[in-house]
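**Student:** Pasting a structure here, questions to come.
The values are calculated or read from the model by the stated rules, or taken from the named source; none is laboratory data. Given the structure is predicted, the values throughout are model-derived calculations rather than measurements. Every residue, glycine among them, receives a Cβ derived from its backbone with ideal geometry; neighbour counts consider all protein chains shown.
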Amino acid sequence: MFRENHENKKVATASKAGCTVTGSEALMLSLLEEGVDVIYGYPGGAIMPVYDALFDYRDRIRHILVRHEQGAAHAADGYARVTGKVGVCLVTSGPGATNLITGLANAMVDSVPLVCITGQVASPLLGSDAFQETDVVGISMPVTKWNAQITSAEDVPGIIAQAFYLAKTGRPGPVLVDITKDAQFGETTWSYRKCTRLRSYFPYPKVKLNEIQEAARLINQSRKPLILAGHGVLIAGAQNHLMELATRADIPVASTLLGLSAFPSGHRLYAGMLGMHGNYAPNVKTNECDVLIAVGLRFDDRITGRLESYARQAKIIHIDIDPAEINKNVPVTLSVVADAREALSTLLSYVKENRHTGWIDTFGSFRSEEEEKVIRPGREPAGGHIRMDEVVHQVSEKTKGQAVVVTDVGQHQMVAARYYRFNRPGSFVTSGGLGTMGFGLPASIGAKIGRPDREVVLFVGDGGFQMTIQELGTIAQSNVPVKIVLLNNQFLGMVRQWQDMFFRKRYSFTELQNPDFVTLANAYGIHGERCIKREDLAEKLDSLLASEECSFLEVMVEPEHNVFPMIPAGESVSNVRLE
Amino acid sequence: MNTGQKKEIKEYTINVFSENHIGLLNRLTIIFTRRKINIESLTVSESHIPGIHCFTIAINSYENLVRKVILQIEKLVDVLKAFYYTTDQIIYQEIALYKLPTSEVTGYIGLETLIRDFGIRVLEVTPEYTVIEKTGHKTETQELLEKLKNHRLLEFVRSGRVAITKPMKELTVHLEEKGMAFNYIMKEDESY
């Protein structure tokens, strides 16, 4: 089906070879050449010629009409994360373009490939403060991997080819292409050549054999090794190599927030999530291991805590594709600058079979202490309000760890990360580095459109939900069967938790007066339910998950629940608190 | 947070070899401003390799930070390679122009003094004013500036630094070392 579709597209673009086309049509043809089948957008004055061309291509390129341009960027982001393909946005100039910025910044820090196309006023008007003119190339510079402005139709194919190449290769990232209205109207002779190389760009550094051999030597000699798996493992598709390395050398694997699902949660070697609200064992063991093997991660401050006391005892091997990440935050013993899959597959030629039973056993007492003090009381509370923990746990059980889990940002995000047990790679979509409230709902749209074959469950809080709530309209209009679980604690929960713990319980503007969310969902034509009592939860989740269409469930949860474990900001990973 | 580095602010000269694309200067300066590093001087010109441009940027900072900045600069898509040098690793010059009333030059200061003691060149003489040029390190052009300030100096301007490095390694060798890109196609892999 897909192949057939793809070949049709090829024919469409090939039959235009040598024909005169407008810049707008050249853009459509370029998108087809890059295998684009869906774009997320919002029309407006300066992008109208492109939208007019899109009208002729609407059978080959699906357009999802969002309700705000930020939603377009996050939806494209969610799509890119679950498919590994480039997410594409199409918006107008001025406010349309500036509304993208949060989405670009989010994709930039989380290394997500996007190509965002913005309309622009006609080139003679550039710099004249024309209606809806804004310097989006200038504004987006710090939050894009690359950007460019097209002022002539003939430049469309070349720049678009370069944009896709740069977005998806090496360390992926968002790219913005600004197209002036005269370039959209102008004409050019159609031809297309994919970009495969730029002389100033080195996306895949060669693996250096001596570094790999040295890494293997450190690993083979280690007695207390620990692997940290990051987003780079998933981006490179290196989860099989990671599994082979872990099982052959018998090394526990801990995951970053964005590395979740790269290693199955139920595996005996899975140590849990790292970081501020991660699991007890992997945080403490970071400061006890003798060799730390960090793969595809950037040692974010939410992972490391206080740098001066982070893994000082360990020899650190850092594998990352981006040379600028090496020694940026954590000084390392050995660096391997390469794609994670290339590095691990080479490394596997030198890593020997090993057993670290004694070392692995030491994780057990930390695991059971966390289980006893945090996990079980959250999953099976004695009474009182429903807890976020039990909702996520039940969804995890009911979906058998097979769903794509999308979250917004805050307490529910940490709870979802901690209690969903992943059984399939590429199953967690969340805003990591930027912590963008409002990410979840639009990202879930992109995730479901990218993977219609998979169940997509969104966990969202009552704060973040209202930041992009208008995307319920997108869901209804485009008929996107996402399952929305709103965990409503009537607070900006994570900020309230910090106020509770570090600001003498002074709840400064964190309490929310909320609308009737179920009625609101109904107003958008989406079936909604509310769950207040624990005994109704399982049944309501069942019917949510059984629905063929988008369905919404609001769960009223404990208002003043705090997420533990927690490493207070600026403290050592050893000081992780369980209560 | 590299340890073992001396925390000492020094003068560094950064050379950036790049494509000549619109907007690259902006992307470069963002890297400095984001880290609160002030650019002391900046010069852009073509390099010895056709089509490749060279930025020469002088800053005062810690070596540890400069090293990270270099990696961030090299991460820019249009940048081929960036280097940093301490002052003793480069030969560098700056050019300064001074405009004075001609009466001062011929009278109180004396043109001969300027030429013999300061090695200046005279660019223009009119009945009202004279423009002279001095090339050298900042200390030298500054010394002359301090002297002329007492003599009704009308205008002064100093260029950014231009620098040639002492190490002999060619840029092309560095680029080869950086390792050429290899073709690589993402596989869709769903299993563990």
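**Student:** On the given criteria, is residue A:153 more than 9 Å from chain B (Cβ to nearest Cβ) and touching a residue at least 60 places away in the same chain (Cβ under 8 Å)?
**Tutor:** Taking the combined requirement at face value, the residue satisfies it.
**Student:** Can you report the number of residues in segment A:150-178 which are more than 27 Å from the chain's Cα centre (by Cα) and outside any loop (DSSP other than H, G, I, E, B)?
**Tutor:** 7
**Student:** Any residue in segment A:191-214 that's more than 7 Å from every other protein chain (Cβ to nearest Cβ): show its pairings with residues that are aromatic (Phe, Trp, Tyr) and part of a loop (DSSP other than H, G, I, E, B) at Cβ separation under 8 Å, as long as the two are six or more apart or on different chains.
**Tutor:** A:212/A:350; A:213/A:350
**Student:** Does segment B:46-54 contain any residue that is over 18 Å from residue B:174 (Cβ atoms) and either touching a Leu at 6+ places or on another chain (Cβ under 8 Å) or modelled with pLDDT under 95 (or both)?
**Tutor:** yes
**Student:** Let me ask another. Pick from A:138, A:127: which is surrounded by fewer than 19 Cβ atoms within 10 Å (Cβ to Cβ) and within 11 Å of chain B (Cβ to nearest Cβ)?
**Tutor:** After applying the criteria, what remains is A:138.
**Student:** Still on this structure, I have one more. Take residue A:335 and decide whether it is farther than 20 Å from residue A:252 by Cβ and surrounded by fewer than 23 Cβ atoms within 10 Å (Cβ to Cβ).
**Tutor:** yes
**Student:** Right, something else. What's the number of the condition residue A:519 fails, among (1) touching a strand residue (DSSP E or B) at 6+ places or on another chain (Cβ under 8 Å); (2) more than 30 Å from residue A:402 (Cβ to Cβ); (3) assigned to a loop (DSSP other than H, G, I, E, B)?
**Tutor:** Failing condition for residue A:519: (3).
**Student:** Kindly list, by first and then second residue, each pair from a residue in segment A:322-342 that is more than 8 Å from chain B (Cβ to nearest Cβ) to a residue that is surrounded by fewer than 23 Cβ atoms within 10 Å (Cβ to Cβ) and at pLDDT below 95, limited to pairs with Cβ atoms under 6 Å and residues at least 6 apart or on different chains.
**Tutor:** Close Cβ pairs satisfying both conditions: A:337/A:205; A:338/A:205; A:338/A:207.
**Student:** On to the next question. Hand me the list of strands (runs of 3 or more DSSP E) wholly inside segment A:199-275 holding 1 or more residues that are buried (at least 24 other Cβ atoms within 10 Å of the Cβ), touching a His at 6+ places or on another chain (Cβ under 8 Å) and at negative phi.
**Tutor:** Where strands (runs of 3 or more DSSP E) fall fully within segment A:199-275 and carry at least 1 residues being buried (at least 24 other Cβ atoms within 10 Å of the Cβ), touching a His at 6+ places or on another chain (Cβ under 8 Å) and at negative phi, they are A:225-229, A:253-255.
**Student:** Would you call residue A:177 more than 8 Å from chain B (Cβ to nearest Cβ), at pLDDT 95 or above and closer than 30 Å to residue A:436 by Cβ?
**Tutor:** Yes: the conditions hold for residue A:177.
**Student:** Which condition breaks for residue B:145 when tested against (1) at pLDDT 90 or above; (2) under 19 Å from the mean Cα position of the chain (by Cα)?
**Tutor:** All conditions pass for residue B:145, except number (2).
Okay, residues lined up against (1) in contact with a Lys or Arg (Cβ under 9 Å, 6 or more places away or on another chain); (2) in a loop (DSSP other than H, G, I, E, B); (3) farther than 29 Å from residue A:138 by Cβ; (4) within 13 Å of chain A (Cβ to nearest Cβ):
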| site | (1), (2), (3), (4) |
| --- | --- |
| B:41 | yes, no, no, no |
| B:45 | no, no, no, no |
| B:48 | no, yes, yes, no |
| B:69 | yes, no, no, yes |
| B:82 | no, no, no, yes |
| B:97 | yes, no, yes, no |
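**Student:** Being more than 29 Å from residue A:40 (Cα to Cα) and touching a Leu at 6+ places or on another chain (Cβ under 8 Å) is the filter; apply it to segment A:512-533 and report the residue that is surrounded by the most Cβ atoms within 10 Å (Cβ to Cβ).
**Tutor:** A:531
**Student:** Just need a number here: residues in segment B:140-160 that are among the polar types (S, T, N, Q) and assigned to a loop (DSSP other than H, G, I, E, B).
**Tutor:** The number of residues fulfilling the criteria is 1.
**Student:** Residue A:283 - would you say it is in a helix (DSSP H, G or I), crowded, with 24+ Cβ neighbours inside 10 Å and assigned by TED's automatic domain parsing to the domain that holds residue A:306?
**Tutor:** yes
**Student:** Test residue A:579 against the criterion of being without any contact (Cβ under 8 Å) to a residue 24 or more places away in the chain, exposed (fewer than 15 other Cβ atoms within 10 Å of the Cβ) and not in a strand (DSSP E or B), and give yes or no.
**Tutor:** No: the conditions fail for residue A:579.
**Student:** State all residues of segment A:83-104 that are surrounded by fewer than 24 Cβ atoms within 10 Å (Cβ to Cβ), within 12 Å of the chain's Cα centre (by Cα) and not hydroxyl-bearing (Ser, Thr, Tyr); if no residue qualifies, say none.
**Tutor:** Answer for segment A:83-104, where residues must be surrounded by fewer than 24 Cβ atoms within 10 Å (Cβ to Cβ), within 12 Å of the chain's Cα centre (by Cα) and not hydroxyl-bearing (Ser, Thr, Tyr): just A:84.
**Student:** If we keep just the residues of segment B:54-67 that are part of a helix (DSSP H, G or I) and not hydrophobic (A, V, I, L, M, F, W, C), which is farthest from the other protein chains (Cβ to nearest Cβ)?
**Tutor:** By that ranking, first place goes to B:63.
**Student:** Okay, moving on. Would you be able to tell me the number of residues in segment B:118-161 that are farther than 20 Å from residue B:101 by Cβ and loosely packed, with under 12 Cβ neighbours inside 10 Å?
**Tutor:** Number satisfying all stated conditions: 1.
**Student:** With of a type in the set (Val, Ile, Thr) and in a strand (DSSP E or B) as the only criterion, which of B:122, B:105 stands out?
**Tutor:** Sole residue among the options that is of a type in the set (Val, Ile, Thr) and in a strand (DSSP E or B): B:122.
**Student:** Scan A:501, A:494 and give me the residue that is outside any strand (DSSP E or B), more than 28 Å from residue A:104 (Cβ to Cβ), among the hydrophobic types (A, V, I, L, M, F, W, C) and touching a residue at least 12 places away in the same chain (Cβ under 8 Å).
**Tutor:** Being outside any strand (DSSP E or B), more than 28 Å from residue A:104 (Cβ to Cβ), among the hydrophobic types (A, V, I, L, M, F, W, C) and touching a residue at least 12 places away in the same chain (Cβ under 8 Å) holds for just one of A:501, A:494, which is A:501.
**Student:** Let me ask something additional. Quick check on segment B:19-34. Is at least one of its residues acidic (Asp, Glu) and more than 13 Å from chain A (Cβ to nearest Cβ)?
**Tutor:** no
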